[in-house]
């Protein structure tokens with residue numbers, strides 16, 4: 001019997017290097033496109049969250065005799081109570097029940113099931129901004145997800161910089 005030649009079925013080193021190089025080039029071309037879509041999606045999510053919260057602030061104001069969230073019985077409330085005014089039920093005077101089911105005097109709300117997350121810093125907390133303070137002076141991008149002026153009902157995103165069209169996020 002003679003020696004049989006055995007043929008190995010494997011890729012050569014050159015073939016592997018060639019495939020890895022081609023995949024690297026394709027990745028370098030495609031990755032920026034995906035990054036652009038991610039940024040665009042975050043910008044859209046921020047605008048949608050702002051639209052929702054601003055609508056709910058107006059609804060709250062209508063159901064509470066012109067009083068904006070941030071007040072209960074005519075007095076300012078803390079940020080934790082403000083969050084409950086959005087996510088729980090309230091009386092006409094703004095007092096909060098931890099329940100999400102309207103009953104008794106707590107006939108209004110909830111206005112949102114949970115506060116939306118800022119798509120850039122993943123925070124859903126709201127920080128008050130004093131009436132005399134410009135939003136541009138309060139934005140830091142890290143202390144909270146959202147900024148709110150209880151005196152005027154203005155609601156903004158807490159994120160620095162500008163979007164892909166050059167609009168400052170604080171001006172959304």
Take the residues in region 1-19 that are in a helix (DSSP H, G or I) and either at pLDDT below 80 or surrounded by 10 or more Cβ atoms within 10 Å (Cβ to Cβ) (or both), then tell me which one is nearest to the chain's Cα centre (by Cα).
-> 19
Identify all residues within region 82-107 that are closer than 20 Å to residue 50 by Cα and free of Cβ contacts under 8 Å to residues at least 24 places away in the same chain; write none if there are none.
-> 84, 88
Answer residue from region 58-81, given it is over 22 Å from the mean Cα position of the chain (by Cα) and without any contact (Cβ under 8 Å) to a residue 24 or more places away in the chain and is nearest to residue 128 (Cα to Cα) among those | 77
Kindly indicate the residue of region 20-41 that is within 25 Å of residue 163 (Cα to Cα) and modelled with pLDDT of 90 or more and also farthest from the chain's Cα centre (by Cα) among those meeting that condition.
-> 40
If you go through region 126-172, how many residues are touching a residue at least 60 places away in the same chain (Cβ under 8 Å) and over 26 Å from residue 94 (Cα atoms)?
-> 5
Tell me, which strands (runs of 3 or more DSSP E) wholly within region 66-172 include 1 or more residues that are modelled with pLDDT under 95, surrounded by fewer than 20 Cβ atoms within 10 Å (Cβ to Cβ) and touching a helix residue (DSSP H, G or I) at 6+ places or on another chain (Cβ under 8 Å)?
-> none
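The values are calculated or read from the model by the stated rules, or taken from the named source; none is laboratory data. Owing to the predicted nature of the structure, the values given are computational and were not obtained by experimental measurement. Using ideal geometry, Cβ is built from the backbone for each residue, glycine included, and neighbour counts are taken over all protein chains shown.
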